[in-house]
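Engineer: Attaching a single structure in structure tokens format; questions to follow.
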Amino acid sequence: MQAAQRAIFNTGITYTKTIITILISLFSTRLVINALGVEDYGLFNVIGGLISMLAFLNAAMTVSTQRYISYNIGKDNIESTKKIIANSIILHFIIALILVIFIEGIGLYFLNYKLKIDSERLSSANLVFHMVVASTFVSIISVPYDAITNAHENMSFLAVISIVESLLKLGIALCLFYVESDKLIMYSFLTMVTAIVIRTIKRVYVRNKYRESHVNYRSEYDTHVIKQLISFAGWNLFGTFSYIGRNQGLSVLFNIFYGTVINAAFGIANQVAGQLIFFSAAMLQALNPQIMKSEGAKDRDHMLKLAMKTCKFGFLLFAFIAIPCIAEMDIILTIWLKVVPKYTVTFCSLILIGVMLNQLTVGFDSAIQATGKIQRYMLIGGSIKLLIVPIAYFLLAYKFDIIYVFITYTILEGVGGIVRVYVLRSQTRLSLKKYVKEVIFPVLPATIAGVGTSVFVTSYANFDHRWVFTVSASVTIFILVAYVTGLDKSEKNVLSKITAGLKLKAMRLSHQ
């Protein structure tokens, strides 16, 4: 029961943190653009873009490190945990050093000879480049401390540090209005200093909070552990590359066959999906450590139970807002963009349906990661993702409508989910009957209710701002039906206790 309450609390903390940081970030970006001007802001983003392409490596290493730390915490083996932490810190330092050497060599060549930069700003661009590289180095060597905090499910600290970082960046944006010297250089310098300050805070906090972080690098160094981390991260890297390769491959094909208008539609569709998936991503972040720890503690039944809960709630938390958005996609995009590129509505709708299919098995991704046997899963799953590129080329080359590409895209998302179930079942003896009973059946009534409400309103109502009513009605009915039919007794009890606790706190505050 405590674990369930902690997961809900951590999900709430992550939601709150994300909303606050997004709002601060949007305001900060506006200030920075005004202070730097469009050209210097664009220059900074071009330089940052050269390096941000390597961000997926960071993501793969984070998943790998967190998996091994959480797994060993679950085993309650502090010596093994210390060894993982020590070697992950060593490994991240080596990776950061190699990347700095690589980026400084290749990146400077592109910066000075390939990118179109005003000759008067080239010296400033080089200085900015070095500071961005330094910020990247600090970011990479901070990964183990993020992984340790995540493994201990300390989302409160991660939320606070993210908000502090956002506020520091807001402070930088405000400072730029009072700077007389080169504002771009000052902005880059202060951004680098912020990265160093945040990394220092993380290190000091983790070393004071968690005793397993006190390691002796010389005695804990183990090439076998480093090879394990690299191998695990390598397969995760393949999975990440498959996702990037799919999207970039489709972008190139759309550009070849249709031009930039279709690229814009595809980009908007991915952006919409990325924003909506935040609702379930926060919950996944909160439950991931518990899934890893349960496997480490040899409690596979509990691990699978948590994975299935993640599938169920991942779907519900995405579908409750995605369904009415699909129904009113046309008007929502018009309000947001004013001018909506051709095909955008259809692209958005099909991609959101594909994501919903993916969410039905999203918890099994964490479960497979927890077992440590990810080679087959990443190879098959990644190949299925990339399969859309040759299929899309065939369809477009033979003059099929582009809609068929996205129908295939959606189908392959469903196939990817089937692969997850197949791989996890072969590795853990997952019960298909139990999966259908605990995931598929509970989400069906709410899904039907949400779709039915959205279709009914859009079919029989026609008035100004109808989309507000459609979204409100669909979300309300979806949540009510999900509570009645989607939650089991224990989940309702946990929710009731949390609600009662919040009411009690509110009453105490009102009497103060």
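Engineer: Within the range 406-463, which residues are within 28 Å of Phe347 (Cα to Cα) and among the hydroxyl-bearing types (Ser, Thr, Tyr)?
Structural biologist: Correct list: Thr408, Tyr409, Thr410, Thr447, Thr453, Ser454, Thr458, Ser459, Tyr460.
Engineer: Tyr217 fails exactly one of the following numbered conditions: (1) in contact with a Lys or Arg (Cβ under 7 Å, 6 or more places away or on another chain); (2) modelled with pLDDT of 85 or more; (3) open to solvent by 50 Å² or more (accessible area, probe 1.4 Å); (4) not basic (Lys, Arg). What is the number of that condition?
Structural biologist: (1)
Engineer: Continuing with this model, one more query. For the range 453-492, which residues satisfy the criterion of being within 25 Å of Lys309 (Cα to Cα), among the β-branched types (Val, Ile, Thr) and in contact (Cβ under 8 Å) with a residue 40 or more places away in the chain?
Structural biologist: Scanning the range 453-492 gives Val475, Ile479, Thr485.
Engineer: With Glu165, Glu180 as the choices, which residue is acidic (Asp, Glu) and in contact with a Ser or Thr (Cβ under 8 Å, 6 or more places away or on another chain)?
Structural biologist: Within the list Glu165, Glu180, the selection yields Glu165.
Engineer: Right, here's the next one. Could you pull out the residue among Met356, Met329 that is over 30 Å from Asn72 (Cβ atoms), of a type outside the set (Lys, Arg) and within 17 Å of the chain's Cα centre (by Cα)?
Structural biologist: That would be Met356, the only listed residue that is over 30 Å from Asn72 (Cβ atoms), of a type outside the set (Lys, Arg) and within 17 Å of the chain's Cα centre (by Cα).
Engineer: May I pose another question? Is it true that Val355 is modelled with pLDDT of 90 or more and among the aliphatic types (A, V, I, L, M)?
Structural biologist: Taking the combined requirement at face value, the residue satisfies it.
Engineer: Condition first: of a type in the set (A, V, I, L, M, F, W, C), surrounded by fewer than 20 Cβ atoms within 10 Å (Cβ to Cβ) and at pLDDT below 95. Can you find one or more residues in the range 448-466 that meet it?
Structural biologist: yes
Engineer: If you don't mind, another one. Quick check on my filter: what residues within the range 83-107 are out of contact with any Phe, Trp or Tyr (no Cβ under 7 Å at 6 or more places or on another chain) and more than 24 Å from Arg203 (Cα to Cα)?
Structural biologist: Matches in the range 83-107: Ile101, Phe102, Ile103, Glu104, Gly105, Ile106.
Engineer: Could you list all residues from the range 197-213 that are under 16 Å from Pro144 (Cβ atoms) and open to solvent by 40 Å² or more (accessible area, probe 1.4 Å)?
Structural biologist: Residues satisfying the conditions are Arg199, Thr200, Ile201, Arg203, Val204, Tyr205, Arg207, Asn208, Lys209, Arg211.
Engineer: Same structure again: Are any of the residues in the range 480-488 modelled with pLDDT of 95 or more, loosely packed, with under 13 Cβ neighbours inside 10 Å, under 21 Å from Ile8 (Cβ atoms) and under 28 Å from the mean Cα position of the chain (by Cα)?
Structural biologist: Checking the range 480-488: at least one residue is modelled with pLDDT of 95 or more, loosely packed, with under 13 Cβ neighbours inside 10 Å, under 21 Å from Ile8 (Cβ atoms) and under 28 Å from the mean Cα position of the chain (by Cα).
Engineer: Does any residue of the range 425-446 turn out to be buried (at least 16 other Cβ atoms within 10 Å of the Cβ) and free of Cβ contacts under 8 Å to residues at least 40 places away in the same chain?
Structural biologist: Within the range 425-446 (the criterion being buried (at least 16 other Cβ atoms within 10 Å of the Cβ) and free of Cβ contacts under 8 Å to residues at least 40 places away in the same chain), the answer is no, since none of the residues qualifies.
Engineer: With the structure loaded, tell me whether Asp40 is at pLDDT 80 or above, among the acidic types (Asp, Glu) and crowded, with 16+ Cβ neighbours inside 10 Å or whether it fails that test.
Structural biologist: yes
Engineer: Does the range 242-260 include one or more residues that are closer than 30 Å to His302 by Cβ, open to solvent by 20 Å² or more (accessible area, probe 1.4 Å) and within 15 Å of the chain's Cα centre (by Cα)?
Structural biologist: Scanning the range 242-260, I find at least one residue that is closer than 30 Å to His302 by Cβ, open to solvent by 20 Å² or more (accessible area, probe 1.4 Å) and within 15 Å of the chain's Cα centre (by Cα), so the answer is yes.
Engineer: Residue pairs, Cβ under 9 Å, 6 or more apart or interchain, first in the range 258-273 and small (Gly, Ala, Ser), second surrounded by 16 or more Cβ atoms within 10 Å (Cβ to Cβ) and part of a loop (DSSP other than H, G, I, E, B). List them.
Structural biologist: Ala264/Pro341; Ala265/Val340; Ala265/Pro341; Ala265/Tyr343; Ala269/Tyr343
Engineer: While we're here: Counting only residues that are of a type in the set (Asp, Glu) and touching a residue at least 40 places away in the same chain (Cβ under 8 Å), how many does the range 177-198 have?
Structural biologist: Final tally of qualifying residues: 1.
Engineer: Could you grab me the full set of residues in the range 386-403 that are more than 17 Å from Val415 (Cβ to Cβ), in a helix (DSSP H, G or I) and open to solvent by less than 50 Å² (accessible area, probe 1.4 Å)?
Structural biologist: Leu396, Ala397, Ile403
Engineer: OK, next. Of the conditions (1) at positive phi; (2) modelled with pLDDT of 85 or more, Gly259 clears all except one; give me its number.
Structural biologist: (2)
Engineer: Now, a different point. Can you say whether Ser181 is out of contact with any His (no Cβ under 9 Å at 6 or more places or on another chain), among the hydroxyl-bearing types (Ser, Thr, Tyr), farther than 20 Å from Phe137 by Cα and crowded, with 17+ Cβ neighbours inside 10 Å, as far as the supplied structure shows?
Structural biologist: No: the conditions fail for Ser181.
Engineer: Another question about this same structure. Of the residues Cys348, Cys311, which is out of contact with any Cys (no Cβ under 6 Å at 6 or more places or on another chain), closer than 21 Å to Val468 by Cα and buried (at least 21 other Cβ atoms within 10 Å of the Cβ)?
Structural biologist: Cys348
Engineer: While we're here: On the phi < 0 side of the Ramachandran plot, part of a helix (DSSP H, G or I) and either open to solvent by 20 Å² or more (accessible area, probe 1.4 Å) or touching a Lys or Arg at 6+ places or on another chain (Cβ under 8 Å) (or both): is that true of Asp365 in this structure?
Structural biologist: Yes, satisfied.
The values are calculated or read from the model by the stated rules, or taken from the named source; none is laboratory data. Since the structure is predicted, the reported quantities are computational estimates derived from the model, not experimental observations. Glycine gets a Cβ as well: all are built from the backbone with ideal geometry, and neighbour counts include every protein chain shown. With ligands, DNA and RNA removed, areas are computed over all heavy atoms of the protein, side chains included. Shrake-Rupley method; radii C 1.70, N 1.55, O 1.52, S 1.80 Å.
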